[in-house]
Every structure is written in C-alpha cells, then in structure tokens.
Amino acid sequence: MAVCRKRPLLVVAGVCILFFLLLHLHGSSLEVLPRVLPDHGFDHDDLPRPHDVEGEPLDGLEGGNHRPLRPGKVHLINPIASFIPLPTAVQILPKIQHDFKAESDTARESRLVRLQAIKDAMMHSWTGYRERAWLQDELAPVTGGYRRSFGDWSLTLVDALDTLWLMGFKDEFEAAAHAVADIDFNTATQLPINVFETTIRHLGGLLGAYDVSNRRYPKLLEKAIELGEMLYGAFDTPNHMPVTKWSKIGVEGASGHTLVAELGTLSLEFTRLTQLTGDPKYYDAVQRISDCLESQQNYTRAPGLFPHIVNARECWFGDGVTFSVGGSADSVYEYFPKEYQLLGGAHEQYKKLYEIAKEPMKEFILFRPMTPTNEDILMAGTLKSFRPGHNELTPQTQHLACFAGGMFALAAKLFDSPEDLDTAEKLVRGCMWAYKQTPTTIMPEMFHLISCPADGRQCNWDDKAWFKHMVLLNSHDETPQDKLLPEAERLRKKSQRLRLPKGISAISSRAYELRPEAIESIFVLYRITGDESLRESAWEMFEAITKHTRTEFGYSCIEDVTHSEPRKTDKMESFWMAETLKYFWLIFEDPGVVSLDEFVLNTEAHPFRLPKRR
C-alpha cells in the first residue's frame with residue numbers, strides 16, 4: 001500500500017523532470033529569436049563596425065551594405081556579465097618569409113609540372129567525393145561508399161573549400177559554397193558533438209574559405225556565424241570552460257577528464273570570428289581558456305608543459321602524468337605563437353605561454369635518436385612525470401608530432417629566437433629521415449627509437465643497444481628456438497620478421513592515415529629559409545604517398561607502411577584535401593600565395609587573414 005501511495009508522487013516528479021529537461025533542450029538548441037538583444041549587459045547595436053585587414057568596413061551580406069550579422073537572444077544558463085574585449089594594440093610583427101629571388105625558366109617549368117600533378121590528385125579526390133559521397137562527411141575511396149563522422153555536416157565539402165579556391169577550381173568551389181548554405185548546423189544527427197574537431201574543420205573551413213576568396217561569398221561568413229553561435233552553447237557552463245564532447249542537453253559542465261588539445265585549440269577560430277563580426281563573445285570564450293592555461297602552466301607535474309589530461313571543470317592541471325607534443329596535446333602549443341600572430345602581437349600572454357613551454361619541451365621531450373649514419377636530427381618523444389623533478393622520457397614518436405618543426409620555425413622568426421630555427425631544421429629533417437626508413441618511404445603513425453645521451457656525448461651506432469631495445473619492446477614474436485640462436489643471427493631474424501629498419505626498435509602503429517604534419521613543417525621551413533632541397537624532399541614524399549594510397553575513387557589510408565604493397569583501409573580523411581594536398585600545393589606555388597606574413601593557418605591548414613596595423 002505504501003508503494004501505491006507513492007506512485008502519484010513519482011508520476012508528478014517524473015513529469016517535472018521531463019519538463020525541466022525539455023526546457024533546457026529547447027534552450028540549448030540556440031535557435032535565433034528575432035530582434036531580441038542578448039541579456040549580457042552588452043548591446044549589439046553599440047558594436048563598432050567590424051573592419052577588414054586594411055581597416056575598411058567589411059562589405060555587408062548579399063544585397064548590399066548591412067550591419068554585421070548577429071544572432072538574436074539565446075537561452076544561456078550561465079550568462080557572461082562582461083566580455084573580455086578583443087585587444088586592439090596591433091604591432092608591426094617581424095617579417096616571417098624568406099626574400100625569394102626570381103626563378104629560372106627551367107626551375108619554373110619543373111615547378112609547374114609538379115603543381116599540375118598535385119592539382120590532378122586534388123581533382124581525382126574531389127571527383128570521387130562529388131560523385132560518390134556528395135554532402136556526406138567522408139568518401140570511402142576503395143568501395144566508393146561514404147562515412148559519417150563529425151555531426152553529419154558534409155565534413156569533406158566544408159574542409160576542402162579553401163583548397164579548391166587556391167588551386168583554381170572556381171566552378172567546384174562555387175558549387176560547394178552553394179551547398180554549404182543548406183547545411184543546418186543547429187541539427188546534429190550524431191551526438192555528442194566533438195567541439196574541437198567541429199571548430200577546426202567546419203568553422204575553420206568556413207572562415208578560411210571566406211578569407212582566401214577575399215570575402216566574395218558572404219554566405220560563408222553567415223554560416224560561420226550560425227555554427228559559431230551553436231558551438232558557443234558548449235561554453236555555457238558554471239566556469240565557462242567548454243564541454244568538449246557536447247550533447248546539447250543544456251545542463252552540462254566541463255569535464256574533469258579533458259584532452260588539453262581539445263580544450264586549448266579553439267582560439268584562432270573564435271578570435272577570427274570576433275574580428276570578422278565585431279561580436280566580442282567568441283573571443284571572450286577562448287580568452288578565458290587561455291587564462292586558465294596560464295594560471296596552471298607552472299603547476300603541472302612538469303612545470304611549463306601541459307599534461308594530456310586536465311580537469312577543465314575546476315581548471316586544475318596538476319594530476320596528469322603524460323606530456324608530449326603528439327596527439328592529445330600537440331595543437332595547444334601550436335596555437336600560442338599563431339594566436340599571438342593573429343592578434344597582431346597585441347596580447348603578450350601568448351608569447352609568454354609559448355616561451356615558458358619551449359624550454360622544458362627542448363629539455364625533456366625532444367631527443368636525438370641513435371641512427372646507423374649518426375644523423376644530427378631531433379624527434380619528439382613522450383614524457384612521464386609522476387612528480388616534479390622525476391621525469392622519464394619514452395623515445396616513442398608519432399607522425400602527429402612532426403608539426404613541431406613548423407611551430408619552432410614560425411616562433412623563431414616571430415619571437416626573434418634564431419637558435420630555435422636550428423631546432424626546427426633538426427625536427428623537420430628527423431621526420432624526413434623517418435619517411436625514408438620503410439619500403440614505402442612513408443613514415444609510420446607511431447614507433448620507438450633509441451635516444452642518445454642527453455648530455456651531448458657521442459652517439460655512435462650500436463647494434464647491441466638496438467637489439468636490446470628491440471627485445472625489450474617486442475617479446476612475443478620469438479619461439480624458444482629463436483632465443484637460442486647466436487645474438488647476431490637472432491638480431492637479423494628478429495628485425496626481418498618484425499620488418500624493423502635499423503634505428504627503429506618497435507612500431508606501435510604501422511599505418512599511414514594521409515596525415516599532413518611532415519609536409520606542413522617542410523612547407524613552413526621552406527617559406528622561412530628558401531632552402532630548395534626541401535622542395536625536392538617534398539616531391540619525393542608526394543610521389544611515395546600517392547603511389548601507395550591512390551584508388552579508383554580517391555586516396556586511402558593504408559594499413560602497414562612496412563609492406564611494399566600495403567592494404568588500403570577504405571578511409572579518406574577530410575584533412576587529405578584540407579591539409580595534406582594543400583601543403584604540397586603551397587610549397588610549389590608562388591611564395592606570395594598564402595604568404596606567412598599575410599595569413600596564419602589553423603591546425604587544419606585553413607588560412608586566416610592577419611590584421612594590419614592601422
């Protein structure tokens with residue numbers, strides 16, 4: 001009977017809970033309510049007109065001059081009372097790019113032939129997507145099918161927009177830009193939303209395409225605002241740190257277990273959105289993250305560095321023990337000098353964040369590997385720090401970490417640190433060395449090396465040391481009989497069985513995922529130094545990659561770069577056209593195209609135009 005009496009109360013309670021959830025679901029959808037101003041203590045009608053890079057008012061939307069696009073009121077549970085303003089004291093920054101001389105007729109002819117081959121690869125990829133996966137997220141390039149990934153918002157189409165423009169595919173660009181208008185970013189068929197990936201790929205793609213096309217397609221900015229407004233809801237938490245895997249239920253808080261790269265790699269896109277619209281809330285959202293990063297930088301277990309996992313809910317980074325510049329942390333460091341550049345040097349915080357991280361990075365993460373030819377190169381490993389002062393380097397590197405050469409090169413010029421250009425060159429040549437070690441001449445996703453002594457002592461090749469590390473890291477491939485063989489014979493058979501080139505003691509992932517990081521850093525270093533040998537290395541990489549990944553409908557990730565005929569995995573990542581092919585194109589394009597003195601590229605290679613000092 002007691003249960004029966006409680007039943008009406010339970011029904012009433014259930015109805016109330018359901019009503020509460022529906023209310024917040026409606027609020028978190030961020031639908032625009034017409035002509036109602038946000039209740040943030042800030043009047044959008046008092047906004048200054050946004051300005052372009054030359055200080056002239058931006059053109060309005062289609063149909064003539066209009067006020068900046070601005071969303072109406074959205075339902076926020078944790079509204080901001082006062083926004084952090086966009087800094088305006090823009091400086092004249094140091095020149096980044098090399099002063100290139102006029103090329104010879106022979107050099108130009110060779111360069112144009114290579115550009116055409118890269119352009120053909122792009123068209124082959126785009127044609128496969130257009131004919132087999134139009135408006136879907138990704139092409140399945142072996143079977144001719146498609147895949148859904150981040151939000152089901154035509155990922156490849158948006159990600160490839162600025163590459164189409166840069167390569168001169170204007171008809172294809174306009175068709176894609178027209179299709180973008182029909183994407184509904186307020187409706188996600190896949191939850192939770194990956195805020196990081198959606199920001200760098202979709203929002204970055206829209207803003208990059210708008211900038212490189214010289215603002216000729218206002219609908220791109222309109223869609224960027226729509227998407228930015230939707231993503232802004234992820235910051236509606238008690239401490240205004242974003243929910244990086246966001247389900248849009250309206251009552252979420254930032255996670256206590258957040259990848260630091262996903263937290264700290266939103267600044268370029270949201271800052272650019274504020275620069276283009278004049279709406280300060282986007283910059284405010286990411287500046288609060290940067291302030292959190294700054295407050296924690298010297299209190300991690302490896303002071304100066306950020307651990308892979310952080311507590312965003314409480315802005316506490318003191319528990320994480322793993323540090324690297326590879327996956328999970330890479331782009332948080334990449335964005336410090338780039339955000340400084342995008343802000344025109346108006347905020348010293350970003351220079352400080354980078355320079356504090358740089359020294360422990362060089363001391364504890366970068367290492368010289370032992371190689372058969374005693375190469376003077378650097379690779380980036382993984383640091384374990386269980387308590388301050390007790391650090392252990394694991395000389396495991398990954399393709400994702402190859403971006404670091406470009407980061408060091410850009411920052412060396414931007415912050416006048418010429419000694420870091422030497423670090424950049426050694427990092428770039430380290431990844432170029434890794435590409436040459438496999439039968440496909442393509443670098444594996446992740447592998448182990450042997451680190452040279454950190455004190456700078458001689459690092460001559462040692463077969464016994466290589467064998468020792470190989471046995472330590474690969475313990476399940478041998479039979480009892482193998483272990484009885486003479487050491488030299490055992491070493492020979494083990495390295496052949498595992499397909500390990502000399503210098504590499506284990507391969508954790510043998511795949512190649514069409515990644516851009518190596519060619520990205522080669523491109524940046526070439527634009528800064530003018531070293532023509534870098535172009536030759538880039539061309540060798542392009543030929544190897546396209547040879548082993550081309551399919552009937554596009555280009556596919558491959559399973560094992562240590563096989564001369566690797567199996568294709570039927571996946572063409574959107575960054576193949578957004579980044580990899582774009583960087584190959586730009587290294588052979590005229591250096592004035594997407595000049596590093598006029599654009600900054602986000603971590604998905606989308607070019608944002610830099611502000612000019614007025």
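The values are calculated or read from the model by the stated rules, or taken from the named source; none is laboratory data. If you're wondering where the values come from, they're calculated on a predicted model, not measured in any experiment. FYI the Cβ positions are ideal-geometry reconstructions off the backbone, even for glycines, and counts take in every protein chain you see. In case anyone asks, the SASA skips ligands and DNA or RNA and just uses the protein heavy atoms, side chains included. Shrake-Rupley method; radii C 1.70, N 1.55, O 1.52, S 1.80 Å.
Note the angle between two axes, namely the Cα long axis of helix 418-435 and the longest principal axis of the Cα atoms of the chain, as a number of degrees from 0 to 90, rounded to the nearest 10. For helix 418-435, the angle is close to 70 degrees.
If you keep only loop residues by DSSP, which trypsin sites (Lys or Arg not before Pro) in region 411-498 have at most 16 other Cβ atoms within 10 Å of their Cβ?
Details: sites: Lys413, Lys426, Arg429, Lys436, Arg457, Lys464, Lys468, Lys483, Arg490, Arg492, Lys493, Lys494, Arg497; in loops: Lys436, Arg457.
Answer by residue number: Lys436, Arg457.
Each Cα pair under 8 Å and six or more residues apart adds its separation to the average, and for the chain the resulting relative contact order is 18 percent. Apolar share of the accessible surface for region 426-534: 52 percent from carbon plus sulfur atoms, 1.4 Å probe.
What's the angle, to the nearest 10 degrees (0 to 90), between helix 517-529's Cα axis and the longest principal axis of the chain? On a 0 to 90 degree scale, this one is about 90. The angle between the Cα long axis of helix 463-473 and the main principal axis of the chain comes to about 40°, on a 0 to 90 degree scale.
Summing charges over all other residues whose Cβ lies under 14 Å from the Cβ of Leu525, with Lys and Arg as +1 and Asp and Glu as -1, gives -3. Solvent-accessible surface of region 249-331, averaged per residue with a 1.4 angstrom probe and all protein chains in place: 25 square angstrom.
Once Lys and Arg get +1 and Asp and Glu get -1 on their Cβ, which of Ser255, Met230, Ser574 lies farthest toward the positive end of the dipole of the chain? Highest projection toward the positive end goes to Ser255. Each of Gln349, Leu500, Ser324 was placed along the dipole of the chain (beta-carbon charges, centred on the mean Cα), and the one lying farthest toward the positive end is Leu500.
Each residue of region 389-405 was assigned a 3J(HN,Hα) from its phi angle through the Karplus expression (A = 6.51, B = -1.76, C = 1.60, θ = phi - 60°), giving x, 10, 10, 10, 8, 9, x, 9, 10, 8, 4, 4, 6, 5, 5, 4, x Hz with x at Gly and Pro.
Binning the C-alpha pair distances of the chain at 20 Å intervals from 0 yields a P(r) profile of 19, 52, 25, 4, 0 %, listed from the shortest bin outward. Per-residue Karplus couplings for region 296-310, computed as 6.51 cos²θ - 1.76 cosθ + 1.60 with θ equal to phi - 60°, are listed in order as 9, 4, 8, 10, 8, 6, 10, x, x, 9, 10, x, 4, 10, 10 Hz, Gly and Pro entered as x.
Please get the size of the charge dipole for region 471-519, origin at its Cα centre, with Cβ charges of +1 on Lys and Arg and -1 on Asp and Glu, quoted in debye to the nearest 20. The partial results should precede the final answer.
Working: 10 positive and 7 negative charges, 29 e Å.
Dipole magnitude for region 471-519 comes out near 140 debye.
In the chain, taking the dipole from charged Cβ atoms about the Cα centre, the farthest positive-side position among Leu596, Thr441, Gly128 is held by Thr441.
Residues of region 211-228 with an amide N closer than 12 Å to a point placed 7 Å from the Cα of Glu598 along the Cα-to-Cβ direction: 212-214.
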